[in-house]
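The values are calculated or read from the model by the stated rules, or taken from the named source; none is laboratory data. Here the structure is a predicted model, which is why all the values come from computation and not from measurement. Cβ: placed from backbone, ideal geometry, glycine included. Neighbour counts: every protein chain shown. Side chains included, ligands, DNA and RNA excluded: accessible areas come from the protein's heavy atoms. Shrake-Rupley method; radii C 1.70, N 1.55, O 1.52, S 1.80 Å.
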Amino acid sequence: MQIPDEANDILDRLAEWQQGDFSLSCGDLLFLDLSEGNEEPYEPVFDEEVEGCVVISQTCDVVREIEILPNITVCPIVEIDAKRLADIEKGLAPRYGLIDNLPEGMVVDFSRAMSVSKQLLVTWERQRGCENEHQILELARALERFFGRFAFPDAFNESIKSLRKAVYAKHEKDSNLGRALRSIREIRVLPHASWTDEDSVPITFVVVLEDGETREISDRGKIYGTIADKFTGITWETPFSLHAKGLYLTTLSDMTASEYLNSYPLDLNALSYARRYAKPK
């Protein structure tokens, strides 16, 4: 079947878009809220405070035929103050994402999303959000972090407050601890019982190091000795405790698929790609 010229034109314009592209001319964000009256259970609300929208759908979905996938997902662009921006750069505010080409002081808010038709998308004035592979990967990881975070139990989160505080306070310091922390790619958590077990859940922290040539401290034993007390010094809330082998240092090359899939990424991993500390590779 021959595709009408108009449909071909839309496909050509869709091919120009990719994940992370944005528009400052897309109008208001639409969402549903409780109705003020009694006639309807809800009513549409237009948020006029947003500055624009960023495409968060994957590029392959954006360019796919409209008959197969007619809509894409966007998130609003919002303006934030300098203090909030500093928190975002440190990885402390996962609901917000940084897009390099956005106007100064503006970020994308992942906590709100809207579906729009592709016919509407191609009428917007497109601006490129991610210029290179590093920026594209950074956005993808920010999306994965916000939408894919594991909900650790409250007692576990309360227990690791001291660890979280130490990592965020020392990560950027010019010290042995700072260099050791910057040599870590990610921290994963391996429970030795079900998370819902009310009696005992021993925990092992799986510290995944950067490859040796990219670590600020290459010696694995020195890294272990530098960071160990931050893990062994945790005061645990019931039912959690540190396993007899509670701290395990490894690399992605050394890990088995089972070890990786059976462990859970700790949100402290934000530091491994937070804008303030990240270095393009």
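Summary table
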| quantity | calculated |
| --- | --- |
| Above-threshold pairs, the threshold being 30 Å between Cα atoms, out of 83/118; 161/222; 83/245; 90/118 | 83/118; 83/245; 90/118 |
| Unit charges at the beta carbon, dipole of the range 24-155: most positive-side option, 142, 106, 32 | 142 |
| Dipole magnitude of the chain, debye to nearest 20 (Cβ charges: Lys/Arg +1, Asp/Glu -1, about Cα centre) | 2020 |
| Charge dipole of the chain about the Cα centre (unit charges at C-beta), most positive-ward option of 189, 15, 217 | 217 |
| The range 143-263, accessible surface, carbon-and-sulfur percent (1.4 angstrom probe) | 48 |
| Fraction of accessible area attributable to carbon and sulfur, the range 62-140 (%, probe 1.4 Å) | 47 |
| Nearest-10 value in Å² for the accessible area of residue 136, using the 1.4 Å probe | 70 |
| Value at 222 nm in deg cm²/dmol, rounded to 500, when DSSP H runs of n ≥ 4 in the chain each add -39,500 (n - 2.57) | -8000 deg cm²/dmol |
| Separation of alpha-carbon centers, the range 30-71 and the range 185-203, rounded to whole Å | 38 |
| Theoretical FRET efficiency, 1/(1+(r/R0)^6), r = Cβ-Cβ of residue 126 and residue 254, R0 35 Å, to 0.05 | 0.20 |
| Listed candidates (i) 25, 24, 18; (ii) 41, 23, 19; (iii) 33, 26, 14 - label of the one calculated as semi-axes √(5λ) of the Cα gyration tensor in Å | (ii) |
| Residue-normalised accessible area of the chain, given per residue in Å² at a 1.4 Å probe | 56 |
